[in-house]
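Everything below concerns the one structure shown next.
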Amino acid sequence: MASVEIQNVEKHYGGFHALKDISLTVDEGEFIVMVGPSGCGKSTLLKTIAGLETVTSGQLKIKGRDVTHLEPGDRGIAMVFQSYALYPHMTVEENMGFGLRMAKRPKAEIDAAVARAAQILRLEEQLRKYPKQLSGGQRQRVAIGRAITRSPDVFLFDEPLSNLDAALRTQMRVELSTLHARLGSTMIYVTHDQVEAMTMASRIVVLNGGRIEQVGAPLDLYTNPVNLFVAGFLGAPRMNFVAAKVSSANGNSATVVCGDNLKIDFDDLVETPAAGSSVTVGIRPERLRIGDPDAGNSFPARVNLTEYLGRETIVYADAGSLSTSGSDSGTGVFTIQIGDIQPFAPDTAITVGFDAGAAYLFDSNGKTLSATKPVTKI
Amino acid sequence: MMRLWRRHRHWLAPTLFILPGALLFGIVIILASVQTIWVSFFDWDGVGPMQWVGLANYEQLAEDPQFYVSLKNNVIWLGMFMLAPPLGLALALLLNQAIAGMKFLKSMFFVPLVLASVTVGVVFTWVYDPTFGLLSLIYGWFGATAPALLSDEHLVSFAVVIAALWPQVAFCLVLFLAGLNNLNEDLIGAGRVDGARGSAMLLHVVLPQLREVSFIALAVTVIGALRSFDMVAVMTSGGPFGSSTVLAYQMYEQSIFSYRFGYGAAIATVLFAIMAAFIAWYLRTLLRPEQETA
Amino acid sequence: MYPRPIPETNRSARAAYVTLVTAVLVLWLLPLVTVMLTSLRSFEEVMAGNYWGWPKSFNLVENYTAVFKQTALARYFANSLIITLPSVLGVLILSTLTGYVLSRHRFPGNRLVFALFVGGNFLPAQIMMIPVRDLMVGIGLYDTFFALIIFHTAFQTGFATLFMRNFIAALPDELFQAARAEGASPWQTLWHVVVPLIRPALAALAILTFTFVWNDYFWAIVLTQSDAVKPVTAGLNNLRGEWVSAWNLVAAATIMVAIPPVAMFFLMQRHFIAGLTMGAVKG
């Protein structure tokens with residue numbers, strides 16, 4: 001049975017259209033991560049599921065029950081807030097038991113639930129303390145513990161790790177994934193951090209401008225983005241995008257020209273663009289190679305800057321008239337990611353090559369035209 | 001000279017800055033207050049020589065029935081003023097809605113706060129007038145005759161306090177509205193997710209966040225109740241037959257009308273002693289949070 | 001928000017709510033409204049006992065001109081302004097200086113001085129009445145504007161210092177470090193860094209002090225006697241005695257006395273509320 005069903009949800013704030021026809025079905029036990037740029041509506045969507053925001057139209061079901069007009073406390077959800085939202089005047093114990101207390105559960109049951117949550121989250125020592133006596137990571141765990149004690153049908157997380165430092169964030173990420181595996185509950189998680197999305201999600205929901213762009217397993221989304229937005233949003237460093245013109249189109253094959261004379265052939269297109277139309281070619285930084293004139297496609301470039309990250313090397317290369325758009329560096333240079341340490345002095349002339357099969361083709365509306373690529377199954 | 005100034009200006013300049021304010025406040029307010037305590041040990045008509053009488057003024061006060069009337073009335077003021085914070089909170093809860101026009105309505109609710117106490121006194125003398133006041137009109141609807149509140153020695157203090165509550169409630173309203181504005185949205189959200197609503201939400205989630213504001217409202221109300229003077233002076237002049245005096249008014253009356261400055265000073269000192277406890281309590285709480293962070 | 005906002009989509013509930021609040025407001029301000037109504041009636045009507053019926057004639061202009069022409073109200077008004085404005089100015093200057101020093105300079109006794117300013121502000125007026133009156137008589141200022149100006153400036157400096165100190169203390173430390181690094185003297189720091197940044201606080205303090213001083217009654221009757229010096233609050237109480245039966249005129253005078261602080265409040269409402277809550281709440 002579906003755990004959460006969102007049907008045609010719309011949300012207006014005065015004149016602002018925050019959520020546009022959102023429909024999504026979440027299965028029992030799934031870990032759904034909603035990502036998108038700030039203002040894309042991901043937090044609003046989470047709050048409508050929680051019941052903290054009302055919907056303008058549409059329907060929400062949890063475990064088959066219509067909860068559209070129910071109070072948050074009656075929806076069978078629990079939520080972990082970005083600010084943790086721990087009640088400062090209550091001890092850890094009281095914070096975690098508050099929901100059950102409001103539901104007028106017997107004291108023994110509350111104590112048992114709190115003890116269990118405390119044990120799962122290793123908070124036994126902190127039960128009598130107040131939130132202000134705890135570290136950031138402990139507060140985070142209390143917030144999660146508060147959710148666990150309610151044994152909800154669905155856990156909702158609103159950017160729960162964004163207030164933690166980098167090391168703690170990684171630790172909590174692992175802890176949350178472990179918790180999900182242990183509890184097997186449905187979880188819906190909002191973040192702007194794509195590493196969290198890629199590592200934790202069973203499925204990722206990419207939102208943009210109040211609309212769902214794409215839903216799918218992390219690697220599916222990474223390998224086969226349905227449009228230019230998703231292609232650009234997932235993956236760091238970002239995909240290189242180059243403007244191109246269709247020089248010839250034939251059946252489901254097409255040849256496009258980037259810049260002055262870089263020709264790329266695309267086969268098995270999902271949809272064939274008209275000859276002469278404007279398109280965008282995309283290629284991920286890790287799919288570009290340096291010094292391989294034999295590759296199917298190559299172009300000359302000059303090294304601008306090299307970043308040595310140890311495990312990998314990022315080269316920013318200027319290809320003259322062949323310039324990219326919307327790159328991380330804010331300039332028209334290409335980003336090339338190499339899997340080991342290779343020295344490239346600035347101003348070195350290089351040849352950049354790639355396989356045509358690694359490139360993506362998007363039409364002028366951003367829709368992906370290139371053939372679906374095989375996804376490595378885990 | 002210039003060099004001397006440059007070398008010492010890091011402490012000379014601040015000293016010069018603080019001096020005018022500190023001297024003026026120190027002499028006119030602090031020193032004067034201490035002097036009053038000194039005066040309370042003398043017999044003095046305000047003009048002639050002062051004569052040391054030791055604790056005689058206080059002994060006399062202890063036997064003065066009027067003193068106990070004042071004290072009793074101060075307790076009535078204090079007790080009834082305790083209604084101001086809850087009433088202010090209730091009004092704030094009523095007004096804390098973001099609807100077009102609400103802003104203007106809120107401001108209108110604040111109006112009693114900026115009125116002079118003389119104005120409030122005059123307005124309420126009107127309300128209580130047994131022949132043409134608002135109260136007589138209301139009693140008239142029920143075919144009853146309004147009591148002359150301000151000439152009834154048992155009711156007069158209550159009537160004056162009700163008038164004084166009007167601006168005091170408005171003051172608490174302002175404080176609580178500000179407090180409600182600063183509520184942590186996420187905490188309210190967490191409370192809703194936890195199933196707290198209505199009074200449970202108010203009690204467990206909202207009020208704990210209003211603790212600081214409630215404290216201020218309470219403290220300012222207590223101090224306001226004990227300081228009450230204007231309303232008594234304007235509405236009843238302590239009457240009828242001295243039944244509505246408070247310590248502050250009795251002190252004024254004894255000094256200005258009866259030229260018993262030593263006795264007045266003793267009353268002021270007693271009032272100060274009562275208030276000092278509250279002021280100290282307020283100051284301690286007010287200054288404490290900084291010590292924690294310092 | 002608490003209580004829960006009434007949804008924007010529920011137009012009728014919102015309209016009903018505003019109506020309810022308006023009704024409560026009318027009850028809340030009813031005492032003032034009746035005074036306003038009386039101030040519109042003619043003397044004959046008041047004498048005839050028509051206090052509640054619809055006014056037979058509207059004597060708005062007549063009553064309000066009469067109150068200025070036939071009584072000393074105009075004089076009282078001028079007195080109040082002559083007392084209030086210099087007091088406000090004095091308080092702003094003194095409290096900026098004291099607040100700046102107490103918030104930005106550490107010296108032994110800093111906290112004690114601050115506590116005295118704050119504590120003195122809560123003292124009952126009677127505890128300082130006799131010596132202050134004596135002092136003013138002694139230096140020949142009793143029953144002059146200066147007596148009230150000096151007292152109000154001194155007393156209000158207590159609250160204003162609390163206010164200014166907290167406001168300046170909340171300014172970022174880096175600003176003062178930067179000013180020192182650039183070699184600014186304490187005076188230059190005050191004038192070029194602090195004063196431009198505390199304009200909102202000055203505005204809030206100005207309106208608050210104006211209201212406090214304008215509305216004072218106790219010191220008005222303790223330190224003044226003659227009509228030439230008396231401010232409106234004491235004056236109004238006098239008028240009430242003199243014009244016992246001319247309720248319409250007393251009502252008009254009452255409204256006139258209320259207008260300046262109410263007008264100031266509406267003109268600078270944001271500053272007033274911010275000042276009142278910051279002064280009290282931030283502590």
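The values are calculated or read from the model by the stated rules, or taken from the named source; none is laboratory data. Not measured: the values here are computed from a predicted model. In this analysis, Cβ positions are derived from the backbone assuming ideal geometry, glycine residues included, and neighbour counts consider all displayed protein chains. Keep in mind that these areas ignore ligands, DNA and RNA; they rest on the heavy atoms of the full protein, side chains included. Shrake-Rupley method; radii C 1.70, N 1.55, O 1.52, S 1.80 Å.
Tabulated data for the structure shown
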read-out	value
With DNA, RNA and ligands ignored, accessible area of B:His10 (1.4 Å probe; Å², nearest 10)	120
Phi to ³J(HN,Hα) by Karplus 6.51 cos²θ - 1.76 cosθ + 1.60 over the range B:163-177, Hz, x for Gly, Pro	4, 5, 5, 3, x, 5, 5, 4, 5, 5, 4, 4, 4, 5, 4
Ellipticity estimate at 222 nm from DSSP helix runs (n ≥ 4, -39,500 (n - 2.57)) divided over chain A, nearest 500	-6500 deg cm²/dmol
Theoretical gain in end-to-end length, C:Asn238 to C:Gln225 [0.36 nm per residue, Cα-Cα removed]	3.6 nm
Entries in A:Lys11/A:Lys61; A:Lys11/A:Lys47; A:Lys11/B:Lys103; A:Lys42/A:Lys367; A:Lys263/A:Lys367 that, when Cα-Cα distance is taken, lie over 18 Å	A:Lys11/B:Lys103; A:Lys42/A:Lys367; A:Lys263/A:Lys367
Cα centroid separation, the range B:29-101 to the range B:121-150 (Å)	29
Extension gain from A:His12 to A:Asp292, taking 0.36 nm per residue of separation minus the Cα-Cα distance	95.5 nm
Between 0 and 90°, nearest 10: helix A:136-149 axis offset from chain A longest Cα axis	60
Using a Förster distance of 45 Å, the FRET efficiency for A:Lys104-B:Ile162 (Cβ separation, nearest 0.05)	0.65
Distance (nanometres) between label positions extended 7 Å along Cα→Cβ at A:Asp74 and B:Thr145	5.7
The range A:250-298-the range C:212-283 distance, computed between alpha-carbon centres (Å)	82
C:Phe151 accessible area, 1.4 Å probe, all protein chains in place, Å² to nearest 10	0
Contour minus Cα-Cα distance for A:Ser151 and A:Thr178 (0.36 nm per residue)	8.0 nm
Positive-end residue, the protein assembly as shown charge dipole about Cα centroid, Cβ charges, pick of A:Ser325, C:Met164, C:Tyr17	C:Met164
Cα gyration tensor category, rounded, prolate or oblate, for the range B:64-293 with a/c compared to 1.5	oblate
Magnitude of the charge dipole, the protein assembly as shown, Cβ model with Lys/Arg +1 and Asp/Glu -1, debye to 20	760
The range C:116-147-the range A:15-38 distance, computed between alpha-carbon centres (Å)	68
Cα-based shape type of the range A:12-78, given that a ≥ b ≥ c are square roots of the gyration tensor eigenvalues and the cut on a/c is 1.5	oblate
Pair A:Thr331, C:Val33: separation of 7 Å Cα→Cβ label points (nm)	7.2
Calculated FRET efficiency for the pair C:Glu62/A:Tyr130, C-beta based, R₀ 45 Å, to 0.05	0.10
Rounded if a/c under 1.5, otherwise prolate or oblate - the range C:30-102, Cα gyration tensor axes	prolate
Where labels lie 7 Å past Cα in the beta-carbon direction, separation of C:Glu44 and B:Met50 in nm	6.1
Set of the range B:220-244 residues, backbone N closer than 11 Å to the point 7 Å along the Cα-Cβ line of B:Met82	none
Karplus-derived HN-Hα couplings along the range C:269-274 (A = 6.51, B = -1.76, C = 1.60, θ = phi - 60°), whole Hz, x at Gly and Pro	4, 4, 5, 4, 5, 4
Surface accessible to a 1.4 Å probe, A:His12 within the full protein complex, Å²	80
Listed residues B:Phe272, A:Phe98, C:Phe146, A:Phe344 arranged by accessible area, highest first, probe 1.4 Å	C:Phe146, B:Phe272, A:Phe344, A:Phe98
Cα-based radius of gyration of the protein assembly as shown once divided by 2.2 N^0.38 Å, which approximates compact folds	1.24
FRET efficiency for A:Thr25 and B:Met102, using Cβ-Cβ distance with R0 set to 35 Å, rounded to 0.05	0.30
